[in-house]
Every structure is written in structure tokens, then in C-alpha cells.
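Everything below concerns the one structure shown next.
The values are calculated or read from the model by the stated rules, or taken from the named source; none is laboratory data. Here the structure is a predicted model, which means the values were calculated and not measured. Positions of Cβ are backbone-derived with ideal geometry, glycine not excepted, and every protein chain shown enters the neighbour counts.
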Amino acid sequence: MNDLLFIRLFFIALITVSAYYLQPFALPGPLAGLLGLTSGVVIVLFEVRVKQVSLKRLIGAAIGSVLGILGAYLISLVVRQALPTDTTTIPFLQLGVLFLMTYVGLVVGASKGDMLNLAAFGGVFGGEKLTKHSFKILDTSVIIDGRIADIAETGFLDGALVIPQFVLRELQLVADSADSMKRNRGRRGLDILQRIQKMPELNVQLVEDDFPQIRDVDMKLIELAKLYVCKIVTNDFNLNKVAQLHGVDVLNINELANALKPVVLPGETMRVFILKEGKEYNQGVAYLDDGTMVVVDNAKRVISKTIDITVTSVLQTTAGKMIFGRYDDRVHAVHEKPAQPERYDKQQREQHPSPAAAPPQS
């Protein structure tokens with residue numbers, strides 16, 4: 001990275017010195033040097049921007065520019081024959097048509113470049129199809145959730161993470177909401193985005209593609225996924241189902257979390273920290289590190305202690321997995337050292353508040 005920065009600075013300095021001594025457009029030395037410095041900076045900025053553009057868009061932009069220049073040349077021939085001889089008007093019109101057609105060809109060609117099927121040519125173009133499939137579009141819910149940043153840090157996500165501008169706008173609207181809860185959620189999402197962008201091993205891209213005729217953000221995500229032939233990363237149940245109906249692949253963070261929960265079988269022994277009283281008589285409730293609820297019979301009197309239990313059954317619900325166990329003081333021991341970190345105490349009390357304690361009797 002330092003070598004590339006040195007090359008860029010050397011390039012800017014070379015253009016500046018050359019312009020200072022050659023004095024183009026009959027400019028004095030200082031003005032010519034300033035012109036060279038400005039040109040060098042603009043070229044470097046253009047080079048940095050071009051590096052972020054896909055190969056298809058570059059080829060589309062190049063083809064569009066060439067066609068635009070060719071069209072401008074043909075139009076200039078017509079203009080020269082149609083208008084009377086004028087030393088200033090005709091050159092101005094020809095130059096204006098050239099700029100217009102080149103610009104239109106560049107923009108249209110770049111926007112339509114994604115339709116090119118470079119994989120059909122094979123060779124170096126064969127990998128372009130795989131690159132597009134490696135794109136992953138982040139929706140608003142998964143950004144606010146925050147777990148996507150932890151997953152990205154582990155290196156399990158490859159390819160580029162794509163953040164559409166309409167998702168960014170939705171996050172800004174949530175962050176500016178009058179509701180304090182929504183405002184905090186929106187600001188958390190923006191913080192998560194900043195955290196993701198600072199990860200050097202990730203390729204994060206902001207895309208300008210939008211679908212003005214579609215108002216719903218979820219449908220815009222689906223259409224964008226179809227355009228890029230890529231997957232959507234979300235934890236929204238409804239978006240997951242609708243995207244599947246449209247034939248779009250979805251990576252659901254909640255499904256990943258459920259898949260990573262530990263597998264336990266009836267009869268196995270496990271160690272848990274009894275956090276609170278259960279709903280049924282003489283029950284205690286514990287939580288595993290991943291948030292899985294463990295309901296333990298005969299554990300009411302060992303609340304706030306770590307014990308060994310025997311798993312009796314495992315229940316899979318729509319909300320997740322629940323483990324049922326039984327504590328027998330004649331078989332299992334009580335441990336003084338908690339098995340659960342203290343940070344889960346507050347977290348689980350917020351997610352599963354216990355009934356209000358009865359007032360003390362006088």
C-alpha cells in the first residue's frame with residue numbers, strides 16, 4: 001500500500017514539474033504548475049474510482065464511449081454540411097456533440113455492462129460469473145442486528161458485501177426518527193456499517209442502483225439481487241420467504257445461529273447456571289452461551305448456583321431450541337464457580353423478564 005502511495009505521489013509530482021517547465025496554453029510557470037498538479041490529482045482520483053468498478057462495467061463503459069465518439073463524428077459531418085460556414089459556431093457544436101455523445105455512451109455502457117456474459121469467452125473472463133455470485137447484499141435488519149460484523153470478522157464471508165443506497169437512506173431515516181428506540185437502532189446500524197467498512201479484509205461496496213417504480217425496500221432488495229445474481233443477507237423472516245418465492249437465495253443470520261447451537265441428546269450430562277425460577281413448580285431456568293433456554297426440574301432451591309443436570313428431552317420450536325433437564329442432588333454436584341459469564345445474566349433478564357417479586361410480608 002505504501003509503494004502504491006509513493007507511485008501516485010511521484011506521478012503527480014512528475015506532471016506538476018512537466019507542466020511548470022513546458023508551460024502549456026502559454027500559461028506562466030506557476031499557473032502551469034498548478035494546472036499540472038490539479039490534473040495529476042484528478043487522474044489519481046479517477047484511477048482509485050475505476051479500481052472499484054467491475055470488469056463488465058469497464059468493458060461496457062469503453063464500448064459505450066467508442067460508440068458515442070463514432071456517433072458524434074457522424075453527427076458533426078451532418079452539422080458541417082447543414083449549417084453555413086462559421087469559424088466559431090460549427091466547432092463549438094461539434095465539440096459539444098462530441099462531449100455529449102461520449103458522456104452518454106460512457107454512462108449507458110457502464111450501467112448496461114452487467115448484462116454482458118463474459119463467461120462465454122472463457123479464459124480470463126471465465127471467473128467474472130463467479131465473482132458476481134460472490135456478492136452479498138445486506139438489508140437494513142441485519143445491519144441493525146449487528147451480528148453480521150462479528151461473522152465478517154471471523155472470515156466466514158467471502159466476496160463483496162453490497163450496501164444499496166436505498167438501504168443507507170432507510171437507516172438514516174430510522175436514525176433521525178423522533179422515537180428514541182428507533183433512533184438508537186438506526187444509530188447502531190450506522191455504527192455497525194462503519195465497523196464493517198474499517199475491516200481491511202472485507203470488500204464493502206456502496207451501489208447506486210435503485211428502482212424508483214418500487215416503493216417497498218424489501219422488493220427493491222429482491223430486484224437488486226436478481227440484477228446482480230447474488231444473495232441477500234437478512235434476519236427478516238418475511239423477506240426470507242418472499243425472496244425464496246422470487247427465486248433469490250437468502251443467507252439468514254437467525255438460521256445460522258440456530259444451526260450453531262450445541263447438539264445434546266437425552267441422557268447426556270451438562271453443566272448450567274440456574275438463573276431464575278421457572279413457570280412450573282420447583283423448576284429452574286438456565287441459559288447456554290448462545291441463548292438457548294434450559295428448563296430444569298427440581299432446581300428451584302439452587303438458583304444462582306452452577307449444577308450438573310441430566311438432559312431429559314430437547315424441543316425445537318419456531319423461536320428456537322429448548323432443552324429440558326432434571327437435577328438430582330444424590331447424583332450431581334453443586335459447583336461454586338458459575339459456568340455462565342456474568343454478561344448473560346443481564347442479557348437474559350432483559351429478554352426473559354421474571355415475574356415481579358412478591359412484597360415482603362410483615
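When Ala32 is tested against the conditions (1) more than 30 Å from Gly113 (Cα to Cα); (2) modelled with pLDDT under 85; (3) buried (at least 18 other Cβ atoms within 10 Å of the Cβ), the lone failure is (2).
The conditions of being surrounded by fewer than 14 Cβ atoms within 10 Å (Cβ to Cβ), at pLDDT below 90 and over 30 Å from Ile232 (Cβ atoms) are not met by Ala259.
Summed over segment 282-292, residues that are out of contact with any helix residue (DSSP H, G or I) (no Cβ under 6 Å at 6 or more places or on another chain), free of Cβ contacts under 8 Å to residues at least 60 places away in the same chain and within 17 Å of Ile309 (Cα to Cα) total 5. Looking at Asn184 and the list (1) surrounded by fewer than 19 Cβ atoms within 10 Å (Cβ to Cβ); (2) in contact with a helix residue (DSSP H, G or I) (Cβ under 8 Å, 6 or more places away or on another chain), which single condition is not satisfied? Checking Asn184 against (1) surrounded by fewer than 19 Cβ atoms within 10 Å (Cβ to Cβ); (2) in contact with a helix residue (DSSP H, G or I) (Cβ under 8 Å, 6 or more places away or on another chain), the one that fails is (2).
Taking the conditions (1) among the acidic types (Asp, Glu); (2) surrounded by 18 or more Cβ atoms within 10 Å (Cβ to Cβ); (3) farther than 30 Å from Ile151 by Cβ in turn, Glu280 satisfies each one other than (2). Pro360 fulfils the conditions (1) modelled with pLDDT under 90; (2) buried (at least 18 other Cβ atoms within 10 Å of the Cβ); (3) more than 30 Å from Arg147 (Cβ to Cβ) except for a single criterion, (2).
Closer than 26 Å to Leu239 by Cβ and either within 12 Å of the chain's Cα centre (by Cα) or at pLDDT 90 or above (or both): is that true of Asp150 in this structure? Against the criterion (closer than 26 Å to Leu239 by Cβ and either within 12 Å of the chain's Cα centre (by Cα) or at pLDDT 90 or above (or both)), Asp150 does not qualify. Looking across segment 1-23 at every residue that is farther than 14 Å from Ile43 by Cα and surrounded by 12 or more Cβ atoms within 10 Å (Cβ to Cβ), the one that is farthest from the chain's Cα centre (by Cα) is identified as Gln23. Answer yes or no: is there a residue in segment 67-78 that is in the same structural domain as Ile15 (by TED's automatic domain parsing) and within 36 Å of the chain's Cα centre (by Cα). Within segment 67-78, one or more residues are in the same structural domain as Ile15 (by TED's automatic domain parsing) and within 36 Å of the chain's Cα centre (by Cα).
Yes/no per residue for (1) loosely packed, with under 11 Cβ neighbours inside 10 Å; (2) modelled with pLDDT under 90; (3) part of a loop (DSSP other than H, G, I, E, B):
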{"site": "Gly291", "(1), (2), (3)": "no, yes, yes"}
{"site": "Val294", "(1), (2), (3)": "no, no, no"}
{"site": "Arg301", "(1), (2), (3)": "no, yes, no"}
{"site": "Leu315", "(1), (2), (3)": "no, yes, no"}
{"site": "Ala339", "(1), (2), (3)": "no, yes, yes"}
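Close Cβ contacts (under 7 Å, 6 or more residues apart or on different chains) running from residues in segment 255-281 that are without any contact (Cβ under 8 Å) to a residue 60 or more places away in the chain to residues that are surrounded by 12 or more Cβ atoms within 10 Å (Cβ to Cβ) and not in a strand (DSSP E or B) comprise Leu260/Asp290; Pro262/Leu288; Met270/Val264; Ile274/Ala299; Ile274/Val302; Ile274/Ile303; Ile274/Lys305. Within the span defined as segment 222-239, every residue fails to be surrounded by 17 or more Cβ atoms within 10 Å (Cβ to Cβ) and either over 17 Å from the mean Cα position of the chain (by Cα) or assigned by TED's automatic domain parsing to the domain that holds Arg49 (or both).
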